[in-house]
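Trainee: Right, I'll just put the structure down here and ask away after.
No value in this document is a laboratory result; all are computed from the given coordinates. Just so it is clear, the model here is predicted, and its values are computed rather than measured. Please note: Cβ atoms are built from the backbone with ideal geometry, for glycine as well, and neighbour counts cover all protein chains shown.
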Amino acid sequence: MRTFTLQQSKTEVYTPHGGLALVGHCLNRHTSLPQTARTVVKRHGIPNIDLIRTYLGLITLGKSDFEAVESARTDPFFKSAMGIKQSPSSARLRQRFDEDAQALTPLLEDASCEFLKSVEAPVSPLKMGHVALDMDVFPMDNSQTSKEGVSYTYKGHDGYAPIAAYLGQEGWCLGCELRPGSQHANNGFLETLKRVLPRARSLTGSPILLRLDSAHDARDNRDFLSQQEQVDFLIKWNPRKQDPLVWADKAQEQQVWTLGRYGKMEAVLSEELPDEPGIRRIVKVTVRTSDAQGQLYLEPDVRLEGWVTSLPVSVASNQQVIDLYCDHATSEQFHSEFKTDLDLERLPSGKFATNNLVMTFATLGYNVLRWMGLRLTGPDAPVRHPAKRRRLRTVMQELMYMACRLIHSSRQRFLRFGRHCPGFAVYRDLYRGLASPG
């Protein structure tokens, strides 16, 4: 094995994070944050926009802790790529976010949708023509901490339970609002929905299909959604105190049983809700007399599963409605990308408002990385398995962690990439599109 001689240059600047140049253009050219950040008035100190640039750069590298800023303070490429004039220390970054969290949060929320509109991000509809809007709560484990808002979650650990909204088959995030872990998913849901729907309408003119789990099966939600124009809903039915045997008798009367396997029968029923015109409930009754190995039960096991929707039969049949809700599970992958790829399982601050601001940063960073990932499915992208979209971790590996050299020459700055850099063609196309005057 060859032995290498190690050397460290005293003048040359190399970086393992070449993708920051893309993120810097996304923030500075395609959002109005450089202007709106000035509305949060500070008499002295580091400008708000430099704090935003610094932390967004860290988030897109998968670093959520404030201490990570210390290595960025002395990195000339980090500052140049993000357009930072004054770099904060970790203590100062934490302090300023604690002071201005509530004022900065709405600015970043607006900037996230503004970015998607500016880059003309595609919003792919479903086969039926509707654009899916998935909203769901997911737990974040922050156990053994005394952070504000940490409480017992439905997953059996202490933490937070933020609610996120994703639009289209690309999964654009329209918001990820932090909530205490013990807060019920439907508590305050309508207020969140009223903030999310205008953002969705600003990005697409197609009708919207809102998909929710059984925690949101409430009459107030259905009444509100029925009043919205070009908005349909698909909500998992909560049987509550329903008797499964009653539904089994209904299936027997209608003779709609199908045999899934020996010892298992299924029936799909549909009915209009009597006091809600245009709303139908689809119920799937499953009766098992034995398990998959053929072991007989002492008595039949009858289970219910259902969905409530405003979609007419002419648009989606019963089976299509069930399939549409199964596709709602894709949002679970987006949750995991927040927690693992962006390193946000355990939030960095002890204050609730600051952690909510961190989630807003993550929403903007998520959308930036998701948009960059669209180019990683093309024929000139680095070799990966075929996919409709790439995980954020893949985007980081192929674009954000791209090594290059920063060169100053003739009053110009150059980024020089290696001869065998596999993602250079994708990087070049993205950078030219972001940096173009139009």
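Trainee: For the range 340-350, what does the Karplus curve 6.51 cos²θ - 1.76 cosθ + 1.60, with θ = phi - 60°, yield as ³J(HN,Hα) per residue in whole Hz, taken in order and with x for Gly and Pro?
Mentor: For the range 340-350, the Karplus-derived couplings read 9, 5, 8, 6, 10, 4, 10, 6, x, 10, x Hz, x marking Gly and Pro.
Trainee: Pick out, from T3, T36, L20, the residue whose Cα sits farthest towards the positive end of the charge dipole of the range 1-63, with +1 on the Cβ of Lys and Arg and -1 on the Cβ of Asp and Glu.
Mentor: About the Cα centre, the residue reaching furthest to the positive side is T36.
Trainee: Would you mind calculating the gained length between Q95 and Q228 on full extension (0.36 nm times residue separation, minus the Cα-Cα distance), in nm to one decimal?
Mentor: 43.7 nm
Trainee: In whole Å, how far is the Cα centre of the range 249-311 from that of the range 122-191?
Mentor: Result: 30 Å between the Cα centres.
Trainee: Considering Cα pairs under 8 angstrom that are at least six residues apart, work out the relative contact order of the range 203-304 and quote it in whole percent.
Mentor: Numbers: 138 pairs, mean separation 19.6, N = 102.
Over the range 203-304, the number comes to 19 percent.
Trainee: Given labels modelled 7 Å from the Cα in the Cβ direction, how far is it in nm from D220 to C421?
Mentor: 5.4
Trainee: Could you work out the equivalent-ellipsoid semi-axes for the range 220-319, taking the square root of 5 times each eigenvalue of the Cα gyration tensor, largest first, in whole Å?
Mentor: Working: eigenvalues 189, 35, 27 Å².
Square roots of five times the eigenvalues give 31, 13, 12 Å.
Trainee: Sticking with this one: Sorted by packing (mean other beta-carbon atoms within 10 Å per residue), highest first, where do 354-361, 8-15, 129-136 land?
Mentor: Numbers: 354-361: 23.9, 8-15: 9.8, 129-136: 21.0.
Highest-to-lowest ranking by the protection proxy: 354-361, 129-136, 8-15.
Trainee: What is the magnitude of the charge dipole of the range 46-182 about its Cα centre, with +1 placed on the Cβ of each Lys and Arg, -1 on the Cβ of each Asp and Glu, and no other charges, expressed in debye to the nearest 20? Don't jump to the answer; show the numbers that get you there.
Mentor: Working: 13 positive and 19 negative charges, 55 e Å.
Roughly 260 debye, rounded to the nearest 20.
Trainee: Helix-only mean residue ellipticity at 222 nm, the chain, DSSP H runs n ≥ 4 weighted -39,500 (n - 2.57), per residue, nearest 500. What is it?
Mentor: On the way: 14 runs with 157 residues, N = 438.
My calculation for the chain gives -11000 deg cm²/dmol from helical runs alone.
Trainee: With the dipole of the chain worked out from charges on the C-beta (+1 for Lys and Arg, -1 for Asp and Glu) around the Cα centre, which of V302, H157, A353 lies farthest toward the positive end?
Mentor: It is A353, whose Cα lies furthest towards the positive end.
Trainee: Turning to a different aspect of this structure: Hey, what D do you get for the chain in µm²/s if you plug the Kirkwood alpha-carbon radius into Stokes-Einstein at 20 °C and 1.002 mPa s? Don't skip to the answer; put the middle values down first.
Mentor: On the way: Rh = 24.3 Å.
Calculated translational D: 88 µm²/s.
Trainee: Okay, next question. Hey, how many Å between the Cα centroid of the range 1-49 and the Cα centroid of the range 219-233?
Mentor: 44
Trainee: Quick check on my link table: of K63/K85; K236/K339; K63/K127; K117/K147, which ones sit more than 28 Å apart, alpha carbon to alpha carbon?
Mentor: Details: K63/K85 21 Å; K236/K339 25 Å; K63/K127 37 Å; K117/K147 35 Å.
Pairs exceeding the cut-off: K63/K127; K117/K147.
Trainee: Also: Taking the Cα centre of the range 14-80 as the origin, how large is its charge dipole in debye, to the nearest 20, when only Lys and Arg (+1) and Asp and Glu (-1) carry charge on their Cβ atoms? Walk me through the numbers before you get to the answer.
Mentor: On the way: 8 positive and 5 negative charges, 70 e Å.
Here the size comes out at about 340 debye.
Trainee: Another question, if that's okay. What percent do you get for the relative contact order of the range 1-128 when only Cα pairs under 8 Å and 6+ apart count? Don't jump to the answer; show the numbers that get you there.
Mentor: On the way: 101 pairs, mean separation 40.8, N = 128.
After rounding, I find 32 percent.
Trainee: Okay, moving on. Suppose every K and R has +1 on its Cβ and every D and E has -1 on its Cβ; what is the size of the dipole of the chain about the Cα centre, in Debye to the nearest 20? Present the calculation step by step, with values, prior to reporting the outcome.
Mentor: Values: 55 positive and 49 negative charges, 491 e Å.
The calculation lands at about 2360 debye.
Trainee: With an 8 Å cut-off on Cα pairs and a minimum separation of 6 or more residues, tell me the relative contact order of the chain in percent.
Mentor: Details: 719 pairs, mean separation 86.4, N = 438.
Relative contact order here is 20 percent.
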